[in-house]
Amino acid sequence: GSRGLGDVYKRQLEEKPENLAAAAETSVSYAFDPVYYAAANLTDGDYDTKLTSKEGVQPSEQEPAYISFDFGGDYYQIDALELATAYARYCGILTGELQYLEYGAWKTLKPFSFTRSGIAATDDYEIDQIAAGVVTNGLRLKITSVILDQTYHNFSINEITVRGSRAEAPPQPRPVECQTEPGFEALTDGDAGTVWTSPFAEIPSTQAPH
């Protein structure tokens, strides 16, 4: 008999570790309609459910679409992401960036691209992989181009799996302290002949304030 997509994917993913994304809060941007296709479908372990974009939406570099995973205060060593998609050899995400949270700000880890034919097929599935290699408490897919389904004028993702393991939180950056000769006491010693100076060629910045 015929097998559903879930059977196909589960056979490919046998004996692999748990999906870290299941522990994250998943959110999606304007391109998707979570009323009809919940963001939770991406991490529910059911490869026959999906997240589908709104009809006619075409993400671009100027107006990208986003799928975000927030792990809160938990940090993970992220090894890879796997995107399971029906008809992915025909249509779906083409290009984008994998981003990660660093001290509360989104940073680009790497660009990614997938190959789609644009030619419709009836029995078609794919698991696209993006290698990661980063310790973080948040991941985000920035989607900048897609090929839409020619019938429904949208694109879908059935399941996103995040592979990795728990990790320690990275140390917080410390401001660079000025080493001065003479010291700060020169500012308040009542002697106009002593002067406080910063180290030679050191320029304060947002990353290294004085």
If we scan region 44-52, do we find a residue that is within 19 Å of L148 (Cβ to Cβ) and not aliphatic (A, V, I, L, M)? yes
Just a yes or no: is a residue in region 75-89 at negative phi, modelled with pLDDT of 90 or more and charged (D, E, K, R)? yes
What pairs can you find where one residue is in region 61-73 and in contact (Cβ under 8 Å) with a residue 60 or more places away in the chain and part of a loop (DSSP other than H, G, I, E, B), the other is open to solvent by less than 40 Å² (accessible area, probe 1.4 Å) and among the charged types (D, E, K, R), and their Cβ atoms are less than 7 Å apart, with a gap of 6+ or different chains? P64/K142
Conditions first: (1) among the charged types (D, E, K, R); (2) open to solvent by 20 Å² or more (accessible area, probe 1.4 Å); (3) under 17 Å from R163 (Cα atoms). R116 passes all but one, so which condition is the exception? (3)
Within region 19-60, of all residues that are open to solvent by 30 Å² or more (accessible area, probe 1.4 Å), β-branched (V, I, T) and assigned to a loop (DSSP other than H, G, I, E, B), the one modelled with the lowest pLDDT is V35
Any residue that is under 22 Å from Y47 (Cα atoms) and of a type in the set (S, T, Y) - is there at least one of those in region 59-71? yes
Assess whether T85 counts as being β-branched (V, I, T) and assigned to a strand (DSSP E or B). yes
Flagged pairs (Cβ under 8 angstrom, 6 or more apart or on separate chains; first in region 108-125, at pLDDT below 80 and in a loop (DSSP other than H, G, I, E, B); second aromatic (F, W, Y) and open to solvent by 50 Å² or more (accessible area, probe 1.4 Å)) are A120/Y87; A121/Y87; D124/Y87
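The values are calculated or read from the model by the stated rules, or taken from the named source; none is laboratory data. Just so we're clear, the structure is a prediction, and the values are computed from it rather than from any experiment. Heads up, the Cβs are rebuilt from the backbone with ideal geometry, glycines too, and the neighbour counts pull from every protein chain shown. All accessible areas refer to the heavy atoms of the entire protein, side chains included, with ligands and DNA or RNA removed. Shrake-Rupley method; radii C 1.70, N 1.55, O 1.52, S 1.80 Å.
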